[in-house]
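K.L.:
Quick one: structure below, then a few questions.
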Amino acid sequence: MEPDSEAPVRRQCRINLTEIAEGIDMVSADVAAFLDLEAGEVICLSIEGIRMLERMYESLPASLANATDDEQRAALLAAIKAEDASITDEEEMLLADAIDRGIDTRYVALPEADTRADYENMQEFVDTVTDARVQSRLDRAIRGRGAFRRFRDELHDTDGELERWYAFKRERLTERASRWLEAEGIDVLADD
């Protein structure tokens, strides 16, 4: 009998599960988010900053492929300065470069937005509303294009339902964060 293959290595991170859930909520067409396993924080980067970094990589000479990390970073910094990027762009691109170098070791990309799950959350929340008039308005709001905006607008016009929605949504995001962490083999150590 052959021994079982080794169990996948689990990683650990000291962070609050709520922070991961909030990071997942931030991910959009304009923002990517990453969990820093060493620092125990979620880092958000603009997609435009990531694209700018990719353009910088393309401008670097191919001979840098065999250079040390320090040499590559110095060349990248020189390319950024030559591009005349602002200090904010420079800092973001250097952070994006660090994440790119440490992806799947130190940094793990948070999952993309799941609009289907977000829509289902709205539907399930509507079912919990006890005021029939408000429930009917919210049910109509989530039909068709622009459902997310209309739903939010309707919630702003209700008494107490907006706060309930945020609590409901936070709970669902936390559940999604827990499932994602399990799938990634990451154990959260409570960050007190």
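K.L.:
At a Förster distance of 35 Å, what's the computed FRET efficiency of LYS169 paired with GLU58, Cβ-Cβ distance as r, to 0.05? Please report the intermediate quantities before stating the final value.
P.N.:
Values: r = 39 Å, r/R0 = 1.12.
It comes out at approximately 0.35.
K.L.:
Can you tell me, using C-alpha contacts under 8 Å and at least 6 residues apart, the relative contact order of the chain as a whole percent?
P.N.:
Numbers: 187 pairs, mean separation 65.9, N = 192.
That works out to 34 percent.
K.L.:
Once the principal axes of the Cα atoms of region 113-189 are found, what is the range along each, listed largest first in whole angstroms?
P.N.:
The Cα atoms of region 113-189 stretch 44, 25, 17 Å along their principal axes.
K.L.:
Tell me the GluC sites (Glu not before Pro) within region 23-63 that lie in a loop according to DSSP and have at most 16 other beta-carbon atoms within 10 Å.
P.N.:
Details: sites: GLU38, GLU41, GLU48, GLU54, GLU58; in loops: GLU38.
Answer in residue order: GLU38.
K.L.:
A follow-up question, please. Assign one of three labels to the chain, namely rounded, prolate or oblate, based on the Cα gyration tensor with a ≥ b ≥ c the square roots of its eigenvalues; rounded applies when a/c is under 1.5, prolate when it is not and a/b is larger than b/c, and oblate otherwise. Please report the intermediate quantities before stating the final value.
P.N.:
Values: a/c = 2.86, a/b = 1.62, b/c = 1.77.
It comes out oblate by the Cα gyration axes.
K.L.:
Also, I was wondering about something else. Going by alpha carbons, how many degrees (0 to 90, nearest 10) lie between the helix axis of 115-128 and the longest principal axis of the chain?
P.N.:
In the chain, helix 115-128 runs at an angle near 30 degrees to the longest axis.
K.L.:
Further question: Take LEU17 and THR115, extend 7 Å from each Cα along the Cα→Cβ direction, and tell me the distance between the two endpoints in nm.
P.N.:
Distance between the two pseudo-spin positions: 2.9 nm.
K.L.:
Please compute the contact order of region 113-189 in relative form: average sequence separation of alpha-carbon pairs under 8 Å and at least six residues apart, divided by the residue count, as a percent. Show your work: numbers first, answer last.
P.N.:
Values: 32 pairs, mean separation 17.2, N = 77.
Reported as a whole number, the value is 22 percent.
K.L.:
Which of rounded, prolate or oblate describes region 28-109 when judged by the alpha-carbon gyration tensor and an a/c cut-off of 1.5? Walk me through the intermediate numbers first.
P.N.:
On the way: a/c = 2.02, a/b = 1.34, b/c = 1.51.
Oblate, because a/c is 1.5 or more while a/b does not exceed b/c.
K.L.:
Charges at C-beta only: +1 for Lys and Arg, -1 for Asp and Glu. How large is the resulting dipole of region 106-192 about its Cα centre, in Debye rounded to 20? Please report the intermediate quantities before stating the final value.
P.N.:
Numbers: 16 positive and 21 negative charges, 112 e Å.
Dipole magnitude for region 106-192 comes out near 540 debye.
K.L.:
Let me ask another. Which order do the peptides 67-75, 9-17, 95-103 come out in when sorted by mean C-beta neighbours inside 10 angstrom, highest first? If you can, show how the numbers build up before the last one.
P.N.:
Numbers: 67-75: 12.8, 9-17: 14.4, 95-103: 16.4.
Ranking, from highest mean packing down: 95-103, 9-17, 67-75.
K.L.:
Say the dipole of the chain comes from +1 at the beta carbon of Lys and Arg and -1 at that of Asp and Glu; which of PHE125, LEU138, ILE99 then lies farthest toward its positive end?
P.N.:
LEU138
K.L.:
Given the DSSP H assignment, sum -39500 (n - 2.57) over each helix run of at least 4 residues in the chain and divide by its residue total; what's the result at 222 nm in deg cm²/dmol, nearest 500? Don't skip to the answer; put the middle values down first.
P.N.:
On the way: 8 runs with 111 residues, N = 192.
It lands at -18500 deg cm²/dmol.
K.L.:
Between helix 69-82 and the chain, what is the angle of the helix's C-alpha long axis to the longest principal axis, kept within 0 to 90° and rounded to the nearest 10?
P.N.:
Tilt relative to the chain: about 70 degrees.
K.L.:
Compute the distance from the alpha-carbon center of region 105-164 to that of region 32-76, in whole Å.
P.N.:
36
K.L.:
Hey, can you rank 126-134, 27-35 by average C-beta count inside 10 Å, highest first?
P.N.:
27-35, 126-134
K.L.:
Could I ask something else about it? In nanometres, what is the gap between the two model label sites at HIS156 and GLU83, each 7 Å from Cα along Cα-to-Cβ?
P.N.:
That separation, rounded to one decimal, is 3.6 nm.
FYI, it's all coordinate maths here, none of it is from the lab. Source: prediction; values computed, not measured. Ideal geometry is used to build each Cβ from the backbone, glycine not excepted, and the neighbour counts take in all protein chains shown.
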